[in-house]
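Following: one structure in structure tokens, then a few remarks.
Quick note: the coordinates plus some simple rules give every number you see, no bench work behind them. As the structure is a computational prediction, the values presented were derived from the model and not from experiment. Positions of Cβ are generated from backbone atoms using ideal geometry, with glycine treated the same way; all protein chains shown enter the neighbour counts.
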Amino acid sequence: MKSYFHYISLFFIAALFLTCSRQDKADEETVEAVLSANGLPMMQPSKVVYAKLSSNYIENKKASVMKYCNKYWSNENNNFSFLVAKNGEIIYERYQGIGNREQDIAITSDTPLHIASVSKVITATAILLLVNNNKIDLDQKVTTLLDNFPYPEITIRTLLDHRSGLRNYAYFTEDTGVWDRHKTLRNQDVANLLGEKNLQLDFPTDTRFAYCNTNYAILALIIEKITGISYPQAMQEMIFKPLGMTHSYVFEFDKDLETAMPSYKGNNMRLAYDYLDAVYGDKNIYSTPRDLLKFDMARKAPTFLNPKLCCQIYKGYSNEHKGTKNYGLGMRMIEWETGQKFYFHNGWWHGNTSSYISLIKDNVTIIALSNKFNKNVYAVRKLAPVFGDYPFDFADED
């Protein structure tokens, strides 16, 4: 039985790549949603039982991962949470530094850290669960969901893939007369400003790609509209609770200011909260590497989404200019001419840096989080060649 589930999962992963490469012949098979007491679709833990990794394999890979740690994180003053796993089995993890210097709270495997824009992957997942359960449609106009939304061409898909043309709320709220920055900005305020201030799009919808936090702030409002509960509650009910992500939550400005792990500059100076810190969807999820591993394994499971919908996550939508960098539905990717693809999402908010890497073909998960600004967090991609054919040079410097 153990071997059966292992091969079923490997078959699914291979089928996912084949299906996504042949979009016109995508499988129409449906995946039945499991619903919460409120009738909301819930993400399901992976039930695949993989063959246990051999001790030789673990020791060999662990040696390479430790080489990375010694190269990039040898300084004892670094703060980080770090995990590498294959088939859901942790090969190496390391927790180092102080989560809260003022209270002398050390970072452990249970310490939730701000995952910054990696939050977008989780927001996109909730949206896709709603699409999978026919609550909304990927190409549905946002004007059919949010009152007074002023852009008739913007769809859920163009929010997910950053092709909406919306301006970044962190920038337009600095314009004279748009927002009093002594007041805390919230998601509904962002939507209201779009409708009230005659803010023009940066470019016509779906004509090019431009990464923009406003897209995911609006997606959080859509989640609230469809579910009838707050975004923090929806994340708990749809994702965190069913997956057993017991150390994950959405930061609520009026509730969590005193208890959330703060962030720091490289010189250990604590960074203050500002008027942008109450907006969620694009950021403001706190989690741990172990919780994110559960999330990643659930996304790779055959029961995650209908195959046709699932493969749309990993399709590149920013194809105006030839290059390797691209963006799917809530997921960054690098696409090489060899056909190899690398899926990831990074984050940066205040002093928090994060990297979430899902090597789908190799069933490997790499997660790095820090609440003390450190660009070396993003260098974890150089571990990919340890597990597969990815053209990153471990010896390169960023």
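Output the pairs from LYS322/LYS361; LYS265/LYS382; LYS308/LYS375; LYS294/LYS375; LYS255/LYS300; LYS265/LYS315 with a Cα-Cα distance over 31 Å in this structure; if there are none, say none. Write down the numbers at each step before the final one.
On the way: LYS322/LYS361 24 Å; LYS265/LYS382 24 Å; LYS308/LYS375 36 Å; LYS294/LYS375 25 Å; LYS255/LYS300 33 Å; LYS265/LYS315 36 Å.
Going by Cα-Cα distance, LYS308/LYS375; LYS255/LYS300; LYS265/LYS315 fall outside the 31 Å limit.
Bin all alpha-carbon pair distances of region 257-398 at 10 Å intervals from 0 and give each bin's fraction as a whole percent.
Bins of 10 Å from zero give 10, 35, 35, 17, 3 percent of pairs.
Taking amide H positions as placed in the peptide plane 1.01 Å from N, state which residues far from TYR264 in sequence (5 or more) or on other chains have amide H under 5 Å from it.
LEU271, GLY351, LYS372, PHE373
Assuming a ≥ b ≥ c are the square roots of the Cα gyration tensor eigenvalues, decide whether region 2-386 counts as rounded (a/c under 1.5), prolate (otherwise, with a/b larger than b/c) or oblate.
Oblate is the answer for region 2-386, as a/c is 1.5 or above yet b/c matches or exceeds a/b.
What are the GluC sites (Glu not before Pro) within region 316-367 that DSSP puts in a loop, where the Cβ has at most 15 other Cβ atoms within 10 Å?
Working: sites: GLU320, GLU335, GLU337; in loops: GLU320, GLU337.
Loop-located and lightly packed - GLU320, GLU337.
Using modelled backbone amide H atoms (1.01 Å from N, in-plane), which distant-in-sequence or interchain residues come within less than 5 Å of ILE105's amide H?
Correct list: GLY99, ASN100.
How large is log10 of I(q)/I(0) for region 96-233 at q = 0.17 Å⁻¹ when the intensity is taken from the Debye formula with one equal scatterer per alpha-carbon?
-0.95
Given the DSSP H assignment, sum -39500 (n - 2.57) over each helix run of at least 4 residues in the chain and divide by its residue total; what's the result at 222 nm in deg cm²/dmol, nearest 500? Write out the running numbers ahead of the final one.
Details: 11 runs with 114 residues, N = 398.
It lands at -8500 deg cm²/dmol.
Give the order of TRP73, TRP179 when sorted by the count of other beta carbons within 10 angstrom, beginning with the fewest. Present the calculation step by step, with values, prior to reporting the outcome.
Values: TRP73 22, TRP179 18.
Fewest-to-most Cβ neighbours within 10 Å comes out as TRP179, TRP73.
Mind ranking 212-220, 98-106, 322-330 by how tightly packed they are, going by the mean number of other C-beta atoms within 10 angstrom, highest first?
Working: 212-220: 25.4, 98-106: 13.8, 322-330: 16.7.
Packing order, densest peptide first, comes out as 212-220, 322-330, 98-106.
Looking at the chain as a GNM with Cα springs under 10 Å, which of PHE373, PHE149, PHE295 has the largest mean-square fluctuation?
Evaluated over the chain, the most mobile residue of the options is PHE149.
Apply the Karplus curve 6.51 cos²θ - 1.76 cosθ + 1.60, θ = phi - 60°, to the phi angles in region 168-185 and return the couplings in whole Hz, x for Gly and Pro.
Listing the rounded values in order: 6, 4, 5, 9, 6, 6, 8, 5, 4, x, 8, 8, 7, 6, 7, 9, 6, 7 Hz.
Fewest to most neighbouring Cβ within 10 Å: what's the order for THR338, THR158, THR176, THR205?
Working: THR338 8, THR158 23, THR176 5, THR205 17.
Lowest count first: THR176, THR338, THR205, THR158.
Ordered by residue, what ³J(HN,Hα) values in Hz, to whole numbers, does region 369-381 give under the Karplus form 6.51 cos²θ - 1.76 cosθ + 1.60, where θ = phi - 60° and Gly and Pro are x?
So the Karplus estimates, Gly and Pro as x, are 10, 8, 9, 10, 3, 7, 5, 5, 4, 6, 6, 4, 4 Hz.
Could you give the length gained by full extension between ALA37 and LEU201, i.e. 0.36 nm per residue of separation minus their alpha carbon distance, to one decimal place? Could the numbers behind the result be given before it?
On the way: separation 164, 0.36 × 164 = 59.04 nm, distance 3.96 nm.
Length gained, ALA37 through LEU201: 55.1 nm.
Tell me, what HN-Hα J-couplings in whole Hz come from the Karplus equation 6.51 cos²θ - 1.76 cosθ + 1.60 at θ = phi - 60° for each residue of region 349-366, using x for Gly and Pro?
Going residue by residue, I get 8, 6, x, 7, 10, 8, 8, 10, 10, 10, 7, 4, 4, 9, 6, 10, 10, 10 Hz, with x marking Gly and Pro.
Calculate the length of the line joining the C-alpha centroid of region 209-244 to that of region 110-165, in whole Å.
When both Cα centres are located, 8 Å separates them.
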